[in-house]
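Asks: Attaching a single structure in structure tokens format; questions to follow.
The values are calculated or read from the model by the stated rules, or taken from the named source; none is laboratory data. Being a predicted model, the structure only gives us computed values, none of them experimental. Every residue, glycine among them, receives a Cβ derived from its backbone with ideal geometry; neighbour counts consider all protein chains shown. Ligands, DNA and RNA are excluded from the accessible area calculation, which covers all protein heavy atoms including side chains. Shrake-Rupley method; radii C 1.70, N 1.55, O 1.52, S 1.80 Å.
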Amino acid sequence: MTVRGSDARRQTTRRIIGTVFGTCVLLLAWHLVVTGLRIPAYLMPGPLAVLKAFVVDWKVIATQTGFTLSAAALGLTVSTIFASAIAVSFSMSRNLAQASLPVVIAFRSAPVAAVAPIIMLFLGRGISTSMVVVTIVSFFPLLVNLMRGLASADRNAAELLHVYGASRWQQLRFVRVPFALPYLFTGLRIAGANAILGAMLSEWITGSKGLGNLILEASELRETELLWAAVLTSVVIALGVFWTTSAGEQRMLHWRQ
């Protein structure tokens with residue numbers, strides 16, 4: 001346990017150092033491109049100007065980030081619950097899967113940009129519409145990965161439980177669900193990024209509070225520094241979701257290593 005813990009700390013330290021070094025390289029490249037090509041500030045401000053916007057408008061950015069994160073977190077939670085329930089139902093009944101999967105695919109094919117205004121008519125402008133949009137855009141990656149995970153269970157282990165008289169629910173609990181967990185985290189990494197984008201898309205369309213609306217207003221008012229600050233904030237959030245799910249996977253699935 002001590003050796004494994006020290007190895008984990010070393011890997012974490014290396015990742016932090018690599019992240020800091022990569023960030024510094026990107027900021028330096030950004031500064032050199034802006035100054036070398038003499039790009040106007042109203043198109044692409046330098047990193048120092050964007051950093052100043054973070055300092056000056058940090059309250060606005062933090063408030064709008066809170067709205068976006070709330071909608072993304074709520075929608076991702078709802079989509080995870082629905083996707084898990086449907087994936088389990090499909091794994092338990094092949095006839096149900098064959099009958100319902102075309103409906104799910106058709107539902108996924110609907111363009112979110114067209115559906116969001118319809119949702120707004122029923123729920124109004126606010127976090128409810130953003131939450132439903134996030135649920136729609138993050139549901140399908142979770143469902144597909146969970147279905148693959150439940151189908152990837154070890155047949156020998158399932159047959160052994162069957163020989164010992166285990167019920168289908170016991171086979172699901174002790175065999176299928178553990179094998180599906182890595183696929184769940186893979187789906188969460190994809191769905192997490194989709195959740196942030198879905199929340200911002202809903203804010204663009206409906207005009208509700210959040211980073212999407214902040215970007216739109218900053219663009220209309222030609223506040224380029226604030227616009228870039230909001231964009232970078234959304235990128236950092238998406239990366240944070242990716243790293244959080246990766247860390248959660250390593251912590252919860254250490255027994256597979």
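Asks: Condition check: modelled with pLDDT under 90, over 23 Å from residue 243 (Cα atoms), open to solvent by less than 100 Å² (accessible area, probe 1.4 Å) and not acidic (Asp, Glu). Does residue 23 satisfy that?
Replies: Taking the combined requirement at face value, the residue does not satisfy it.
Asks: Still on this structure: With under 30 Å from residue 104 (Cα atoms), modelled with pLDDT of 80 or more and aromatic (Phe, Trp, Tyr) as the only criterion, which of 174, 242 stands out?
Replies: 242
Asks: Another question, if that's okay. Given the options 180, 153, 157, name the one that is in a helix (DSSP H, G or I), of a type in the set (Gly, Ala, Ser) and modelled with pLDDT of 70 or more.
Replies: 180
Asks: When you check residue 66 against the structure, is it assigned to a helix (DSSP H, G or I), of a type outside the set (A, V, I, L, M), out of contact with any Leu (no Cβ under 8 Å at 6 or more places or on another chain) and modelled with pLDDT of 85 or more, yes or no?
Replies: yes
Asks: Assigned to a helix (DSSP H, G or I) and either in contact with a strand residue (DSSP E or B) (Cβ under 6 Å, 6 or more places away or on another chain) or under 20 Å from residue 176 (Cβ atoms) (or both), is that true of residue 101?
Replies: yes
Asks: For residues in the stretch 63-97 being of a type in the set (Val, Ile, Thr) and more than 15 Å from residue 191 (Cβ to Cβ), which is farthest from the chain's Cα centre (by Cα)?
Replies: Only one residue tops the list, namely 88.
Asks: Right, here's the next one. Could you tell me whether any residue of the stretch 76-88 is assigned to a helix (DSSP H, G or I), aromatic (Phe, Trp, Tyr) and open to solvent by 40 Å² or more (accessible area, probe 1.4 Å)?
Replies: There is at least one residue in the stretch 76-88 that is assigned to a helix (DSSP H, G or I), aromatic (Phe, Trp, Tyr) and open to solvent by 40 Å² or more (accessible area, probe 1.4 Å).
Asks: Consider the stretch 94-119. How many of its residues are under 12 Å from residue 206 (Cα atoms) and open to solvent by 70 Å² or more (accessible area, probe 1.4 Å)?
Replies: 1
Asks: Conditions: (1) over 20 Å from residue 65 (Cβ atoms); (2) not in a helix (DSSP H, G or I). Residue 187 meets all but one. Number of the miss?
Replies: (2)
Asks: Sticking with this structure for a sec: May I ask you to list the residues in the stretch 201-223 that are open to solvent by 20 Å² or more (accessible area, probe 1.4 Å), touching a residue at least 40 places away in the same chain (Cβ under 8 Å) and either part of a helix (DSSP H, G or I) or among the basic types (Lys, Arg) (or both)?
Replies: Of everything in the stretch 201-223, those that are open to solvent by 20 Å² or more (accessible area, probe 1.4 Å), touching a residue at least 40 places away in the same chain (Cβ under 8 Å) and either part of a helix (DSSP H, G or I) or among the basic types (Lys, Arg) (or both) turn out to be 201, 205, 209, 213, 222.
Asks: Give the number of residues within the stretch 16-63 that are touching a residue at least 40 places away in the same chain (Cβ under 8 Å), over 19 Å from residue 220 (Cβ atoms) and in a loop (DSSP other than H, G, I, E, B).
Replies: 0
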